[in-house]
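Values in this text are rule-based calculations from the coordinates and carry no lab data. What you are looking at is a predicted structure, and each value in this text was computed from that prediction instead of being measured. Don't worry about glycine lacking a Cβ; one is built from the backbone with ideal geometry, like all the others, and counts go over all protein chains shown.
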C-alpha cells in the first residue's frame with residue numbers, strides 16, 4: 001500500500017505563455033502560485049510545503065512572501081532539468097504522504113525566451129560549476145547546445161530503424177494541430193504542415209530542424225498537492241497521484257546516455273513505464289491520454305516505444321496512422337505540448353494532465369481517466385478517485 | 001540578453017579527477033582510467049571505482065582504433081561561415097565509447113560503423129583527441 005497514491009493535485013494555476021512576459025520571474029512564479037492556491041479554494045495559510053527545480057532562481061522565501069504563505073515546514077528541489085518535471089510532484093506527494101507537510105505548492109516560472117535561453121550555446125567551459133562527468137567530454141568537441149548533445153543520441157535511433165527527419169516532422173504537425181485549438185497555447189490557431197516543417201532550418205544536420213525543437217517560453221505554472229482525504233472537501237474533482245517515480249541509471253547523464261547499452265532506446269523511460277504500470281496495475285491499453293516531455297521531437301518517438309504504446313522502431317508508422325491525435329488510440333500532448341503550447345520546463349504538460357482528468361481541457365478526451373505524464377526521467381499516472 | 005560570441009574551440013577545463021587525461025593528450029597519448037584493484041577501465045574519469053569502491057587507479061593507453069557509433073554535423077552557433085565539425089561517438093576496441101571529432105571526411109560521407117583511428121591534433125590551438133577514417137571495410 002503506497003501512501004503516495006493517497007495524494008492528489010487539487011489546484012492548478014498558470015500565467016499566459018509568451019516570448020516576452022515583461023515582468024520578473026518572481027512575479028510570474030507568484031502569479032502562478034496565487035492562481036493555483038485560489039483554484040484549490042485554499043488560502044495561502046494552508047500551504048506548508050514548497051517544491052521547485054534545483055536550478056530555479058525563484059527562492060522559496062521570496063515566493064512565500066509574495067504569495068502570503070505564512071510558514072513552510074517542508075521544502076525540496078528536484079535535480080537537473082526538465083527530465084525532473086514530474087519529480088516535483090513526486091516530492092510533494094511524498095511530503096504529504098509522510099506527514100512532512102499537509103499542502104505543498106509546486107511551481108516553476110521563468111523568462112526562458114526573453115531572459116536566459118537554455119537552447120543557446122555554452123560560451124565557455126567552467127568545469128568547476130558542473131557535476132561529473134562534466135562538459136570536458138563534450139564542449140571542446142563542439143557539443144555546445146542541448147540540441148547537439150541530444151542529437152548524438154537520436155542519430156542512433158534513426159540509423160537503427162531507418163528513420164529520417166521527414167518522419168520526425170510527423171510529430172510537430174500533431175503538436176501544432178492540438179495547440180491550434182487550445183486558446184492558452186502560444187501557437188493557438190496556427191497549425192503546421194509537414195512542408196513547413198521541412199522548410200525550417202537545420203539546427204543539427206541531419207537530425208533536428210528548428211521546428212523539431214521545443215519552444216523557448218516566458219511564463220509560470222503551479223500546482224497544489226494535498227491528501228486525498230482533504231481533496232474530497234475541495235471543489236474540483238480530485239486528481240489522484242496514482243503513481244509517481246523517477247529513473248536515473250548508472251553512467252547516464254542529464255537525459256542522454258552515451259556510454260552504455262543500445263542508444264536506439266530510452267532505458268530510463270522504459271523503467272518509468274514498468275514502475276508506473278506495476279504500481280497502478282494498468283497496461284498501456286488502459287492509458288487514455290499521454291503527456292510526453294518533448295525537448296526535441298525524437299524523444300516522443302523513443303518514449304512512445306518505451307511506454308509500450310507501440311513496438312521498437314514503430315513510432316513513425318504509429319504517429320502517421322493518427323494514433324496520437326485527438327480521437328486516436330492514445331492522444332498525446334493534447335495541449336500542443338512543449339512545441340505547441342509552451343516550454344515551462346515540462347511542467348505545463350502536467351497541468352494538462354490534471355485538466356484531462358478533471359474533464360476541463362480545451363481539447364478534452366471524452367471520459368479520460370488515466371493520464372500518463374512523462375518527463376523522460378520522471379513520470380506520473382494521474383487518475384480520478386477509485387480508478 | 002544577446003547571443004554571446006563563442007570561441008571556435010572551447011578548451012577543456014581540467015579538474016582533480018581528469019587532469020591525468022589531459023596531461024596524456026598533451027603528451028600525445030589517449031589514456032583511460034583503470035581501477036588498480038579490479039582492473040575495470042572507466043570513462044569519463046571518476047575518483048572511485050563503481051565496481052569495487054577502490055580509489056586507487058592507473059591508466060591504460062587506448063588502442064586508438066574503433067568504429068563510429070553515432071554522429072552529427074555541428075555548425076558553429078555564432079560563426080555560420082566556419083567549417084562544420086563532425087562530432088562522433090566512437091566505439092573503441094577498448095570497450096569504451098568516446099566523444100570526439102572526425103577529420104578528413106566530407107560530412108556527406110560519414111556513416112555509422114565507419115572504421116576510424118586516433119589522431120591527436122591541435123584544433124584552433126587546442127590539442128584534442130580526434131579521429132580520422134582508416135582504410136578498412138567498416139564494422140563487420
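Using C-alpha pairs below 8 Å separated by at least 6 residues, the relative contact order for the stretch B:1-89 is 22 percent.
Sorted from greatest to least, the principal axis extents spanned by the alpha carbons of the protein assembly as shown come out as 71, 51, 46 Å. When only alpha carbons are used to place a centre, the stretch A:170-235 and the stretch A:289-343 end up 12 Å from one another.
Annotation: Cα Rg of the stretch B:63-140 relative to the compact-globule expectation 2.2 N^0.38 Å equals 1.07. Measuring nothing but how far apart in sequence close Cα pairs (under 8 Å, 6+ apart) lie, relative to its length, chain A scores a relative contact order of 24 percent.
Computed per residue of chain B from DSSP H runs no shorter than four, each worth -39500 (n - 2.57), the mean residue ellipticity at 222 nm is -1500 deg cm²/dmol. The separation of the stretch A:347-387 from the stretch B:64-88, counted between C-alpha centres, amounts to 40 Å.
For the stretch A:348-387, relative contact order (Cα pairs under 8 Å, six or more residues apart, normalised by length) works out to 34 percent. For chain A, set up a GNM with springs between Cα atoms under 10 Å and report which of A:140, A:267, A:312 has the largest fluctuation. Top of the fluctuation ranking is A:140. Among A:94, A:320, A:269, the largest mean-square fluctuation in a Gaussian network model of chain A, built with springs joining Cα atoms closer than 10 Å, belongs to A:320. As a proxy for reagent exposure, A:354, B:31 were ordered by neighbouring Cβ count within 10 angstrom, fewest first; the result is B:31, A:354. Taking 0.36 nm per residue of sequence separation and removing the Cα-Cα distance, the residue B:132/residue B:36 pair yields an extension gain of 31.4 nm. With the simple spin-label model, which puts each label point 7 Å out from Cα in the Cβ direction, the residue A:228 to residue A:59 separation comes to 3.9 nm.
Note on chain A: GNM, Cα springs under 10 Å; of A:204, A:239, A:173, the largest mean-square fluctuation is that of A:204.
Taking 7 Å steps out from each Cα toward its Cβ at residue A:198 and residue A:251 produces label points 3.9 nm apart.
Neighbouring Cβ atoms from other chains, within 10 Å of the Cβ of residues in B:75-87, number 3 on average.
Between residue A:161 and residue A:43, the FRET efficiency estimated from the beta carbon spacing at R0 = 41 angstrom works out to 0.20. Legend: ranking of residues A:287, A:9 from fewest to most surrounding C-beta atoms inside 10 Å; resulting order A:287, A:9.
Computed over the stretch B:14-61, the range of Cα coordinates on each principal axis works out to 30, 20, 14 Å, biggest value leading.
With a 10 Å cut-off around each Cβ of B:10-22, the average count of Cβ atoms from other chains is 5.
With both labels modelled 7 Å from their Cα along Cα-to-Cβ, the residue B:125 to residue A:73 distance reads 6.0 nm.
For the stretch A:75-105 and the stretch B:28-60, what is the separation of their C-alpha centers, rounded to whole Å? So the two Cα centres are separated by 36 Å.
Packing here is the average count of other Cβ atoms within 10 Å per residue, and on that basis the peptides B:105-116, A:74-85, highest first, run A:74-85, B:105-116.
Rank the residues A:66, A:213 as a footprinting-exposure proxy: fewest other Cβ atoms within 10 Å of their Cβ go first. List each step's numbers first, then the result.
Working: A:66 17, A:213 24.
Sorted ascending by nearby Cβ count, the order is A:66, A:213.
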